[in-house]
Amino acid sequence: MPDRLTATEAPYTIGMPPFRPGDSPDFGGAFTEQPGDLSRPSVDCDAQDTAEHARGLIRVLGDDHVASGQWEPDIPEEELLLGLEHMVRLRTFDDRMMKMQRTGLLSFYMRSFGEEAIAVAQTMALEEHDWLFPSYRQPGAQFVRGRDMVSMICHCIGNLEDNVRGRQMPVHYTWREGRFISISSPVGTQFPQAVGVAMASAYRGLDEACITWLGDGTSAQGDFHYAVNFASTFKPPVILNVVNNQWAISTHANLATGGRTFAERGLAYDLPSFRVDGNDFLALYAVTKWARQRASAGLGPTFIEVYTYRAGAHSSSDDPSAYRPQDEHTCWPGGDPIDRLKQHLIGRGLWDEDQHSALIERLDAEVMAAYKEACTHGDLANGPYPPASTIFTEVYEEVPWHVQEQREELGK
Ligand SMILES: Cc1ncc(C[n+]2csc(CCOP(=O)(O)OP(=O)(O)O)c2C)c(N)n1
Ligand SMILES: [Mg+2]
């Protein structure tokens, strides 16, 4: 045996990204899977009845932007228009927050660029009292639940009006009233939390479901398997989403799958499992409704792979041109989620370009006004900042002696 195996001698394969900087990315132009390919099984089906759904791709919006197939959801027109508005709101908000980060008014930011449909459509498919256990890539759920935008910006700045007083990184929102559970920096913790709360809801006989999301990279964490094992064993009302956006910072999803889809892992745990086009608002809504109905019927969890593409950088600290072609996201066959819903609505005569421009203008003004108001409570460059004493307050009901000692040492 040589001291060290080279890549070709190694008795295992390592999944590689399809393209690297300098390559011309080509995903084949369009998805081969079409709306109508897959049936909508009854909500009391066996997990193994969804085997094809875990290997295929559930779509509703075709390449011509027309909705079709058994998964086409019954969704009121005004809900679709509201969904479009929330997605545009999120993109506008993200762009403003990035500008704030680049000009030193807040320290760090993460956009949902290209993934706006996910949290918006899926939260709209739930009940108001359901619990949300998101990752940092689903802040859009808060718009659906009506969170005040000024409060969100104050949190990102960490200023005097930040509802968590700077104890969380920007974008790691906490919002009790919206049942939006704190995002944690160590990725993956939300899966066991969601399963646990769903078990508690079932135990108490409440019709409350939990939904949670984590990424392709995060699904390699132990927390993922602990949670899915409990979900498989106790069958609580939980909707488990793996958002496969192709990238975990600079690591490609090919390194995390071993060749199968992420959705097929749900089958191994005996959970109904669906792979859904994550840039298709209608497909996301339909699959989440199915999962919610199954939860209400007392039949337990649903496992979903949301198949999408992270169009932007991982975060404000990342430069994707170091590991993938600059224009890769423009070649993604799933297209842009906002544009796809917009074209669908235009095709149905419910929307037009003028209305879309007016919407963008209105949301620009809304975000601008919120940004200005938030900055009156302090920004990173100019302060004022929350007092240092807030490090020690509002965390423990009874302050432990060593924390008290540190506080005295600091003289705060
Ligand atoms: C336990 C843990 N390990 C590593 C990190 C550093 N980290 C933050 S995000 C991230 C990538 C996550 O990728 P993915 O799960 O695909 O989610 P995405 O960012 O694509 O939405 C990593 C490695 C972390 N925050 N927590
Ligand atoms: Mg990812």
Taking LYS289 as the anchor, which lysines have their alpha carbon closer than 26 Å to its alpha carbon, excluding any fewer than eight residues away along the same chain?
LYS235, LYS342
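Just to confirm a number: summing +1 for Lys and Arg and -1 for Asp and Glu over residues other than GLU394 whose beta-carbon lies under 9 angstrom from that of GLU394, what do you get?
Every neighbour counted, the sum reads +2.
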Going by C-beta contacts inside 10 Å, put THR218, THR212, THR13, THR390 in order with the fewest on the left.
THR13, THR390, THR218, THR212
Can you give the net charge of the other residues whose Cβ lies under 11 Å from the Cβ of SER151, counting K and R as +1 and D and E as -1?
-4
Whole-number percent relative contact order across the chain, with pairs defined as alpha carbons under 8 Å at least 6 apart:
24 percent
Subtracting the Cα-Cα distance of ILE14 and GLU79 from 0.36 nm times their residue separation yields 19.0 nm
Neighbour-count ranking [beta-carbon atoms within 10 angstrom, fewest first] of CYS375, CYS331, CYS156
CYS331, CYS375, CYS156
Along Cα→Cβ, 7 Å out, is where each label goes; now give me the distance between the ones at SER296 and ASP148 in nm to one decimal.
3.2 nm
Quick check: residue separation of GLU405 and ASP26 times 0.36 nm, minus the Cα distance between them. What number comes out in nm?
130.4 nm
Mind ranking 262-274, 359-371 by how tightly packed they are, going by the mean number of other C-beta atoms within 10 angstrom, highest first?
262-274, 359-371
What value, in deg cm²/dmol to 500, does the helix sum -39500 (n - 2.57) over DSSP H runs of n ≥ 4 give at 222 nm once divided by the residues of the chain?
-11500 deg cm²/dmol
Give, in nm to one decimal, the length gained when the segment between ASP352 and PHE108 is fully stretched (0.36 nm per residue of separation minus the Cα-Cα distance).
84.3 nm
For the peptides 237-249, 194-206, 396-408, what is the packing order when you average, over each peptide's residues, the other Cβ atoms within 10 Å and list the highest mean first?
237-249, 194-206, 396-408
Please report, ordered by residue number, every helix of the chain (full DSSP H runs) that is 24 Å or longer along its axis going by C-alpha atoms and whose mean Kyte-Doolittle hydropathy reaches -0.5.
353-375
Take every Cα pair under 8 Å in region 287-406 that's 6+ residues apart, average their separations, divide by the length, and report that relative contact order as a whole percent.
9 percent
Hey, in the GNM for the chain with a 10 angstrom Cα cutoff, which one of LEU84, LEU255, LEU284 fluctuates hardest?
LEU255
Any idea how far the Cα center of region 345-388 sits from the one of region 58-106, in Å?
15 Å
Which of these, ASP280, ASP352, ASP130, has the largest mean-square fluctuation under a Gaussian network model of the chain (Cα springs below 10 Å)?
ASP352
Whole angstrom only: what separates the Cα centroid of region 261-311 from the Cα centroid of region 198-258?
11 Å
Taking a ≥ b ≥ c as the square roots of the Cα gyration tensor eigenvalues, with a/c under 1.5 meaning rounded and otherwise prolate when a/b beats b/c, else oblate, which class fits the chain?
rounded
Space enclosed by the convex hull of the alpha-carbon atoms of region 101-208, per residue, Å³
106 Å³
Among PHE113, PHE234, which comes first, then next, by fewest other beta-carbon atoms within 10 Å?
PHE234, PHE113
Region 168-255: C-alpha gyration tensor shape, a/c 1.5 cut-off, then a/b vs b/c:
oblate
Which residue, chosen from MET368, LEU341, GLN101, occupies the Cα position most advanced towards the positive end of the dipole of the chain, where the dipole is computed from +1 (Lys, Arg) and -1 (Asp, Glu) charges on Cβ about the Cα centre?
GLN101
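Rounded to the nearest 20 debye, what is the charge dipole size of the chain about its Cα centre when +1 sits on each Lys and Arg Cβ and -1 on each Asp and Glu Cβ?
720 debye
Just so you know, all these numbers are worked out from the coordinates, no wet-lab data involved. Everything numeric in this text was worked out from a predicted model, so none of it was measured. Ideal geometry is used to build each Cβ from the backbone, glycine not excepted, and the neighbour counts take in all protein chains shown.
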